[in-house]
Amino acid sequence: MPFQKSMENQVYGKRCKGTSAHCTYDGGIMMTKSLVNESKSDLIFDRINIFIMICVLIIVLYPLYFIVIASISDPYAVNSGKVILFPKGITLEGYSRVFEHAPLWNGYKNTIIYTLLGTAINVILTLCGGYVLSRRDLVGRNFLSKFVVFTMIFNGGLIPRFLVVKNLGLYDSMWSLILPGAISVYNLIVCKSFFESTIPTELLDSARIDGCNNIKFFVRIVLPISPAIIAVLILFYAVGHWNSYFDALIYLKSPEKNPLQIVLRDLLVTFEVMQGDAVGDAGTLEAKQKIADIMRFAIIIVSSAPVIIIYPFLQKYFIKGIMVGSIKG
């Protein structure tokens with residue numbers, strides 16, 4: 001039958017992919033040529049795509065790699081452009097000087113405390129706020145959502161915020177670095193969108209039939225099925241607390257309460273001042289310039305290494321959460 005022969009030609013054509021010389025049916029030969037051309041174009045596209053991605057990867061990773069090799073290289077070789085792919089004149093003097101700085105360990109301790117405590121408060125409040133705003137039965141939901149967005153666009157400014165912190169008795173305390181930024185509006189919106197697109201209304205209705213109230217539903221059902229957005233919030237808030245230094249400059253006056261970023265900044269400024277005081281003595285100036293140069297890269301590694309180490313463990317949750325939470329259901 002013509003229909004059966006046509007089907008046989010198509011099947012035979014698929015079997016003869018890449019071997020059109022052995023095909024006996026005209027339809028099969030045409031199908032084989034089409035598949036061969038399509039496979040060649042796909043192969044070319046894949047190779048071009050892989051090449052572009054490799055170039056992007058090199059552009060992104062090379063600065064990080066350069067900082068690592070520059071931190072253990074002779075600063076003269078770095079400044080003269082001899083350090084490109086491999087370290088030259090390997091030395092750990094920069095790291096030794098950084099770790100010999102006594103306030104560094106206290107700054108590490110403070111930053112870890114601020115990061116852990118602050119991230120816990122941030123994540124809890126953001127999850128609660130995002131879930132509440134995602135509930136369609138919330139009275140005044142649209143007004144509250146617009147009010148939250150309004151605060152992201154307009155704020156009171158630095159001076160009113162400082163006065164509020166001081167009048168609340170938070171000045172020169174760790175709470176001045178945690179409570180004023182307890183909720184990020186951007187993270188709150190991402191969390192709200194995630195719940196709207198992930199938690200169906202039928203799930204709440206079935207839970208109510210089983211006698212589950214709102215708090216139990218949130219704790220026992222919503223949170224266990226939301227590890228992606230939780231990981232995203234932890235990463236966003238933790239990185240923000242770890243790299244924060246501006247709030248500490250404004251709200252803290254006791255050196256023993258300074259976070260790591262302030263300690264490293266003060267350390268670098270100290271060596272730059274010492275370098276400026278050595279003008280006129282060529283040997284001393286050169287030595288201090290060498291110390292300052294080698295410490296810059298070591299400080300970058302010391303301050304960013306913990307975040308870089310932790311990120312790969314949260315990467316899969318981060319990608320999934322940020323993609324799902326960015327789409328409103």
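The values are calculated or read from the model by the stated rules, or taken from the named source; none is laboratory data. For clarity, every value in this text was computed on a predicted model and none was experimentally measured. In this analysis, Cβ positions are derived from the backbone assuming ideal geometry, glycine residues included, and neighbour counts consider all displayed protein chains. Side chains are part of the model used for accessible areas, which takes the heavy atoms of the whole protein and leaves out ligands, DNA and RNA. Shrake-Rupley method; radii C 1.70, N 1.55, O 1.52, S 1.80 Å.
Note on exposure: Ser41, Ser134 ranked by accessible area (1.4 Å probe, complete protein assembly) read Ser41, Ser134, with the most exposed listed first. Karplus-derived 3J(HN,Hα) values for the range 194-199, using 6.51 cos²θ - 1.76 cosθ + 1.60 with θ = phi - 60°, are 5, 5, 5, 8, 10, 9 Hz; glycine and proline are entered as x.
Legend: calculated FRET efficiency, Ala305 to Thr270, from the Cβ-Cβ distance at R0 = 22 Å, rounded to 0.05, equals 0.50.
In this simple spin-label approximation, Ile48 and Leu116 carry label points 7 Å from Cα along the Cα→Cβ vector, and these lie 5.2 nm apart. Could you pull out which residues in the range 129-161 have an amide N less than 17 Å from a spot 7 Å beyond the Cα of Arg208, following the Cα-Cβ vector? Hits in the range 129-161 for Arg208 at 17 Å: 132-141. Heavy atoms of the protein only, probe of 1.4 Å, neighbouring chains included. What is the accessible area of Met152 in Å², nearest 10? Surface accessible to solvent at Met152 totals approximately 90 Å². Applying 0.36 nm per residue to the separation of Ile84 and Phe154 and subtracting their alpha-carbon distance, the gain on full extension is 20.7 nm. The accessible-area ordering, largest first, of the residues Trp105, Trp242, Trp175 stands as Trp105, Trp175, Trp242, per a 1.4 angstrom probe.
Over the range 95-135, the alpha carbon radius of gyration divided by the compact-protein estimate 2.2 N^0.38 Å works out to 1.90. Distance between the 7 Å Cα→Cβ label points at Leu92 and Tyr186: 3.8 nm.
Across Lys290, Lys192, Lys166, the residue with the most accessible area heads the list, and the full order at a 1.4 Å probe is Lys166, Lys290, Lys192. Simple rule: put +1 on each Lys or Arg Cβ and -1 on each Asp or Glu Cβ in the range 123-257, find the dipole, and look at Met152, Tyr131, Leu233; the Cα lying farthest toward the positive end is Met152.
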